[in-house]
Structure formats: structure tokens, C-alpha cells
Amino acid sequence: MTAALLETRDLTIRFGGHVAVDHVSCAFEPGTLTAIVGPNGAGKTTYFNLISGQLAASEGQVWLSGSDITALPAPLRTRRGLGRAFQLTQLFPNLSAQENVRLAVQAREQGRGRGGIDIWRVWLDHKSWIDEARSILESVRLDDKRDVHASALPHGDQRKLEVALLMALDPMVYMFDEPTAGMSVDEVPVVLDLIRALKSRKDRLILLVEHKMDVVRELSDRIVVLHNGALVADGEPAAERALRDAEHQGDLGVGHLLEGGEDEAPGGQTCPDRGNTLELII
Ligand SMILES: Nc1ncnc2c1ncn2[C@@H]1O[C@H](COP(=O)(O)OP(=O)(O)OP(=O)(O)O)[C@@H](O)[C@H]1O
Ligand SMILES: [Mg+2]
């Protein structure tokens, strides 16, 4: 069995009396895509925030590559290889799409200690950062909009730019929280193709929160279900059973999950105390 790249042990957070993530223990191996599903309010986004460090755990631990990273702030976790897509509002809305991606590429490279103070080195690196940014924008079909300010992009393009930024950071662990929410039908396959391509890289680990069960079934190696903050099922068909049980308990957003219906769930949850991506890596 491959060693876990990422593991949460009894990971818990309470907001006042409400336990949003409740003693979740789960290990994830490189080269796999795990879908994390569950009704609205189940704790999926909060679980991501605990893993990436935007929220501090009340109890439990997060382990990455065999090290306990629970005490590390988000920027250091990002440097260690945890990456999640961020909302553009927390990036540089007045810079172009290309500049945003270039900065993410640059931050990644400098975070790896390859930035230089030699002016020629800086110039050469700068050119290669731009080339990479362009190629990433091409892969999300935003190359024709590279000079448009991030804030001026239509919603679907902004979501694609968020994915582009994550690709630029190229973390060991990719966390996608409803990556296609709010996208038009013709944009969705672009993002799904990228996730498929990432999955074929056997050294990366992908966690995907997604409400569209047809997408989940097609992409995932494993499905875990969160409900009321707790991990209630791990792997099909237990996962599907758990979703149905949740549905019978009257939760919203489960029926259409099982039917593989259109995404009606709210996406792009906010996390009040997270900073912007570059702040996280620098
Ligand atoms: N900062 C916070 N303060 C107080 N309560 C919070 C906070 N963040 C999340 N919660 C609560 O934690 C619970 C889990 O929320 P979370 O956003 O993680 O659910 P989710 O599974 O991502 O839902 P959705 O599918 O709708 O995105 C909810 O009851 C939510 O109101
Ligand atoms: Mg959420």
C-alpha cells in the first residue's frame, strides 16, 4: 500500500456550540482523486479550510508527507505543497489574467528558492514565467483574454482563472471546491479535462468537492461522504447509501446529487480570514 501523502486525524472545528467538522480521520494517497460529497452545510468547505490552514482546528491534526503541519500557518502549508483554488476577489482584480498567473508562477518558483538577484537571471526567469503563464492560460482556454483585467472577466472565465492560478502554483495536493460551479455547459469540460490530466500525473493528489454526481462518479477513485461535519461513508456503494440516508433526513441538496442533476448548490464559499494566494506562498 502506498503511504499517505495527506492525512487528517480526528480533525475538528467548533464554531460556538456548532461542530462544523467532527473528528474526521482520513488518509489520502498520491495519484488518487477523492471526491468529498455531502449535503449543503455538511462541512466540506470547512474541512478544506482546515487542511489548507485558513481555519485553525479546535482538535485533531493534519499530516502532510509524514509531518504534522497542524501548527503551521496557511502560507507555510502552501509552501509545503497544499494548494486550493482561491476567489479572484482575493487576488489582483486590477491586473490582467496573464499578470495574475505570472505572479503565481513567479511565487511558486521563488518559493522553491529559484528566484535570483542577478539581473540577467531575473530577466530570463521573467520571460519563462510569462511563457508558462501563457501556456497555462491556453490550457484553460483563456489565451484570448490574457490582457483583460481579472475583475472584468465574466464569471465563468474568472472560475477558469482560479483553476489556472492553482495550476501555476502546481501543488502536491490540489483541492478543488466546486470548480465548475457557475460555469456554462461549454466551459465545464475544459476544467474537467484539466482535472483528468492532473490525475494522470501519479505524483499528485486531488481532492474534489463536487455536487454533480455524474462528474464525481466519472473522475473519482474514491468517494467520501461528510454529513453534519462527520465522515459517514468512505467508498462506493456505502457513499451512495449514506447520501440517500442524508436525503431521507430531509437535508437539502442531496436528491439532485444522486440524480446527477445540474448544480444548484451555492458555490464559492467565503472564508473570512483567508488571505490572497500570493500572501499564502510568499
Ligand atoms: N466561519 C464560520 N463561522 C461560523 N460557522 C461557520 C463558519 N464556516 C462555516 N460555518 C458553518 O459550518 C457548517 C459547514 O459549512 P460548509 O461551508 O463547510 O459546508 P459545505 O459542506 O461546504 O456546504 P455547501 O455544499 O453548501 O458548500 C455550516 O453550518 C456553516 O454555517
Ligand atoms: Mg462548500
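The values are calculated or read from the model by the stated rules, or taken from the named source; none is laboratory data. Quick caveat, the model's predicted, so the values are computed rather than measured. Neighbour counts are summed over all protein chains in view; Cβ atoms, including those assigned to glycine, are modelled from backbone coordinates with ideal geometry.
Per-structure values
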{"quantity": "Strands (runs of 3 or more DSSP E) lying entirely in segment 1-49 (those with 1 or more residues that are small (Gly, Ala, Ser) and surrounded by fewer than 21 Cβ atoms within 10 Å (Cβ to Cβ))", "calculated": "18-28"}
{"quantity": "Selection within segment 60-87 - within 18 Å of Glu7 (Cβ to Cβ), in contact with an Asp or Glu (Cβ under 6 Å, 6 or more places away or on another chain) and either surrounded by 22 or more Cβ atoms within 10 Å (Cβ to Cβ) or of a type outside the set (S, T, N, Q) (or both)", "calculated": "Gly60, Trp63"}
{"quantity": "Tally, over segment 156-182, of residues that are within 16 Å of ligand 1 (Cβ to nearest atom), outside any helix (DSSP H, G or I) and in contact with a Gly (Cβ under 7 Å, 6 or more places away or on another chain)", "calculated": "4"}
{"quantity": "Filter result (farther than 20 Å from Asp22 by Cα and among the hydrophobic types (A, V, I, L, M, F, W, C)) within segment 65-87", "calculated": "Leu72, Ala74, Leu76, Leu82, Ala85, Phe86"}
{"quantity": "Which numbered condition Arg134 fails, given (1) under 21 Å from the mean Cα position of the chain (by Cα); (2) among the basic types (Lys, Arg); (3) in a helix (DSSP H, G or I)", "calculated": "(1)"}
{"quantity": "So Asp177, is it acidic (Asp, Glu) and under 17 Å from Arg222 (Cα atoms)", "calculated": "yes"}
{"quantity": "Lone unmet requirement of (1) at pLDDT 95 or above; (2) touching a strand residue (DSSP E or B) at 6+ places or on another chain (Cβ under 7 Å) for Asp177", "calculated": "(1)"}
{"quantity": "Test: Leu137 is aliphatic (A, V, I, L, M), surrounded by 19 or more Cβ atoms within 10 Å (Cβ to Cβ), out of contact with any Asp or Glu (no Cβ under 7 Å at 6 or more places or on another chain) and at pLDDT 90 or above", "calculated": "no"}
{"quantity": "Verdict on Thr12 being modelled with pLDDT of 95 or more, in contact with an Asp or Glu (Cβ under 9 Å, 6 or more places away or on another chain) and within 16 Å of ligand 2 (Cβ to nearest atom)", "calculated": "no"}
{"quantity": "Segment 183-197 - residue that is surrounded by fewer than 16 Cβ atoms within 10 Å (Cβ to Cβ) and among the aliphatic types (A, V, I, L, M) and, of those, farthest from ligand 1 (Cβ to nearest atom)", "calculated": "Ala197"}
{"quantity": "Top-ranked residue in segment 67-80 [being under 18 Å from the mean Cα position of the chain (by Cα) and either charged (D, E, K, R) or within 19 Å of Pro179 (Cβ to Cβ) (or both); ranked as nearest to ligand 1 (Cβ to nearest atom)]", "calculated": "Arg77"}
{"quantity": "In segment 36-66, residue farthest from the chain's Cα centre (by Cα) [restricted to those that are of a type in the set (Gly, Ala, Ser) and either at pLDDT below 90 or closer than 20 Å to Arg108 by Cβ (or both)]", "calculated": "Ser65"}
